[in-house]
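Here the structure is laid out as structure tokens; the discussion comes afterwards.
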Amino acid sequence: MNRFEGKVVVVTGAGSGIGAATAQRFAREGANVVLAGRTESKLRQAAQGLDGGRVLIHTADVSRLDEVEALVQAAVQRFGRLDVMVNNAGTAVEGTVTEASPNDWRTVIATDLDGVFHGCRAAMPELIKTRGCIVNVSSVSGLGGDWRMSFYNAAKGAVTNFTRALAMDHGRDGVRVNAVCPSLTRTEMTKDMYADKALMDKFAERIPLGRGAEPEEIAAVIAFLASDDAVFVTGVNLPVDGGLSASNGQPPQA
């Protein structure tokens, strides 16, 4: 498929996990792709094997509006336009509200929420020109609660509702705004969890499909939401969770 031939896509947090898989998916479907993240070496590794003429590596910290604005400007300067903004960069801190620190709170909010705001704000004028779209990466944790993840839940819950509001504000501009809400996915952020077999067995019991997701499976849904196949879809926070939200997280009956 070449659904994105001639289109320009920016992916934040593209150095690994869902971001890297998403950048690679768009590139395979013909897009010019800007891989953004804080670590150049990771971005270059994620871009290996892609057509160098259709790829731009750009280091940026999404918690800084000026750096995200520079990212969007670099994309337009290199490729002449912007069609899709994927706000994927994220982080998480475990602990209760009294165990995790105020600095932890600021770190999570700055990356997971401010980073999405910065990406949407910087990209919107260019997306209005092209009648493009935004895909935010929220989480099933933004649709409900988790134990010991309240900071992450707060940030992702805000992303979920921010997505709905942006879709309402900018639909008449021709800009669609949607989000994917993954559950447990195999990434750098979850590698310790995947190494704990007992914990993974517990997760598998709660997920109707019986396993966590692979990054490429989330990337496929992001690409769908950004494509003309979803031309009449906006304001949606789409769970990509193996049925977890449908089951309310309950394990199967004995």
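Which Cα, out of A27, A46, T91, lies furthest along the positive dipole direction of segment 1-120 (beta carbon charges, K/R +1, D/E -1)?
A27
For an R0 of 30 angstrom, estimate the FRET efficiency from the Cβ-Cβ distance between M168 and N2 and round to the nearest 0.05.
Working: r = 32 Å, r/R0 = 1.05.
E(calc), rounded to 0.05, equals 0.40.
Pairing the Cα long axis of helix 215-226 with the longest principal axis of the chain, what angle in degrees results, from 0 to 90 and rounded to the nearest 10?
Helix 215-226 and the main axis of the chain meet at about 50 degrees.
Using Cα-Cα distances under 8 Å and only pairs 6 or more residues apart, what relative contact order does segment 88-146 have, in percent? Mind dumping the intermediate values first?
Working: 20 pairs, mean separation 20.5, N = 59.
Result for segment 88-146 is 35 percent.
Using label points projected 7 Å from each Cα along Cα→Cβ, tell me how many nm separate D192 and R131, to one decimal.
Between D192 and R131, the label points sit 4.8 nm apart.
Can you put S183, S16 in order, fewest other beta carbons within 10 Å first? Don't skip to the answer; put the middle values down first.
Working: S183 23, S16 18.
Listing S183, S16 from fewest to most nearby Cβ atoms yields S16, S183.
Pairs of Cα atoms under 8 Å, at least six residues apart: use those to get the relative contact order of the chain, whole percent.
On the way: 533 pairs, mean separation 47.2, N = 254.
Relative contact order here is 19 percent.
Report the dimensions of segment 1-134 along its three principal axes from the alpha-carbon atoms, largest first, rounded to Å.
Taking max minus min along each principal axis of the Cα atoms, segment 1-134 gives 49, 31, 23 Å.
Are any of the pairs K156/K202; K42/K129; K42/K202 more than 27 Å apart by Cα-Cα distance, and if so, which? If you can, show how the numbers build up before the last one.
Values: K156/K202 23 Å; K42/K129 31 Å; K42/K202 32 Å.
Table pairs above 27 Å Cα-Cα are K42/K129; K42/K202.
At Q45 and D66, where each label point lies 7 Å from the Cα along Cα→Cβ, what is the point-to-point distance in nanometres?
Inter-label distance under the simple model: 3.0 nm.
Provide W105, W147 in ascending order of the number of other Cβ atoms located within 10 Å of each residue's Cβ, fewest first.
Details: W105 16, W147 8.
Ordered from fewest to most neighbouring Cβ atoms within 10 Å, W105, W147 come out as W147, W105.
Give the angle, between 0 and 90 degrees and rounded to the nearest 10, that separates the Cα long axis of helix 115-130 from the longest principal axis of the Cα atoms of the chain.
Roughly 40 degrees between the two axes.
What nm value, rounded to one decimal, do you get for the distance between D229 and L209 when each label is placed 7 Å out toward the C-beta?
Label-label distance for D229 and L209, simple model: 1.4 nm.
In segment 23-131, which GluC sites (Glu not before Pro) are in a loop and have at most 13 other Cβ atoms within 10 Å, using DSSP for the loop call?
Working: sites: E29, E40, E67, E69, E94, E99, E126; in loops: E29, E94, E99.
Of the GluC sites (Glu not before Pro), the ones in loops of segment 23-131 whose Cβ has at most 13 other Cβ atoms within 10 Å are E99.
Within segment 118-149, name every residue whose backbone N is under 19 Å away from a label modeled 7 Å from Cα of R106 along the Cβ vector.
118
If neighbour count is taken as other Cβ atoms inside 10 Å, put C181, C120 in order from fewest to most.
Details: C181 27, C120 22.
Least to most surrounded, the residues fall as C120, C181.
Please determine, in degrees from 0 to 90 and to the nearest 10, the orientation of helix 65-79 with respect to the longest principal axis defined by the Cα atoms of the chain, where the helix direction is its Cα long axis.
Taking Cα atoms only, the helix is inclined about 50 degrees.
Place a point 7 Å from the Cα of T96 along the Cα-to-Cβ direction; which residues of segment 135-156 have their backbone N under 11 Å from it?
148
Would you calculate, for the chain, the mean residue ellipticity at 222 nm contributed by helices, counting each DSSP H stretch of 4 or more residues as -39,500 (n - 2.57) and dividing by all residues, to the nearest 500? Spell out each step's value before the answer.
On the way: 9 runs with 104 residues, N = 254.
Mean residue ellipticity, 222 nm, calculated: -12500 deg cm²/dmol.
Values in this text are rule-based calculations from the coordinates and carry no lab data. Just so it is clear, the structure is predicted and the values come from calculations on it, not from any experiment. Neighbour counts run over all protein chains shown; Cβ positions are idealised from the backbone, glycine included.
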